[in-house]
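As structure tokens, the structure follows; a few thoughts come after it.
The values are calculated or read from the model by the stated rules, or taken from the named source; none is laboratory data. Given the structure is predicted, the values throughout are model-derived calculations rather than measurements. Cβ sites come from the backbone with ideal geometry, for glycine too, and all protein chains shown count toward neighbours. Note: areas computed on protein heavy atoms with side chains; ligands, DNA, RNA excluded. Shrake-Rupley method; radii C 1.70, N 1.55, O 1.52, S 1.80 Å.
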Amino acid sequence: SMPWGDDEVQLVCLTETIEMLGSPRIPITAPHDRTTISVDLKCPERAGVYESKWIFSYRNKTFGPMIWCSIEVSPREQFEVLD
């Protein structure tokens, strides 16, 4: 029923499989409005499929649906250096 922004609402990471770089900025958003939240992630070094999950928090109480993403890290190709 009230607008909210980054000083009141936080995006809490629930998993540690994908490293989140810094805290995402939550723009001030009016009730029933939509916004875009960007999250900078660092992919793991090892090949595999990884999933990260987040949820919103206001005054240490979570709300809203869980937000998630999954990524696939491809194996690095090994090259032989010839002199």
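Structural remarks
Residues are listed down the side, and each one gets a yes or a no for (1) free of Cβ contacts under 8 Å to residues at least 60 places away in the same chain; (2) more than 18 Å from residue 3 (Cα to Cα); (3) surrounded by 11 or more Cβ atoms within 10 Å (Cβ to Cβ); (4) among the aliphatic types (A, V, I, L, M):
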residue: 31; (1), (2), (3), (4): yes, no, no, no
residue: 50; (1), (2), (3), (4): yes, yes, yes, no
residue: 58; (1), (2), (3), (4): yes, no, yes, no
residue: 67; (1), (2), (3), (4): yes, yes, yes, yes
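- Test for residue 46: is it open to solvent by 70 Å² or more (accessible area, probe 1.4 Å) and over 18 Å from residue 70 (Cα atoms): no
- Complete set of residues in the range 3-22 that are in a loop (DSSP other than H, G, I, E, B), closer than 23 Å to residue 73 by Cα and touching a strand residue (DSSP E or B) at 6+ places or on another chain (Cβ under 9 Å): 14, 15, 16, 17, 18, 21
- Residue ID - least open to solvent (accessible area, probe 1.4 Å), chosen from residues in the range 14-25 that are without any contact (Cβ under 8 Å) to a residue 24 or more places away in the chain and touching an Asp or Glu at 6+ places or on another chain (Cβ under 7 Å): 22
- Among the numbered conditions (1) under 18 Å from residue 61 (Cα atoms); (2) open to solvent by less than 90 Å² (accessible area, probe 1.4 Å); (3) assigned to a loop (DSSP other than H, G, I, E, B), the only one that residue 38 does not meet is (1).
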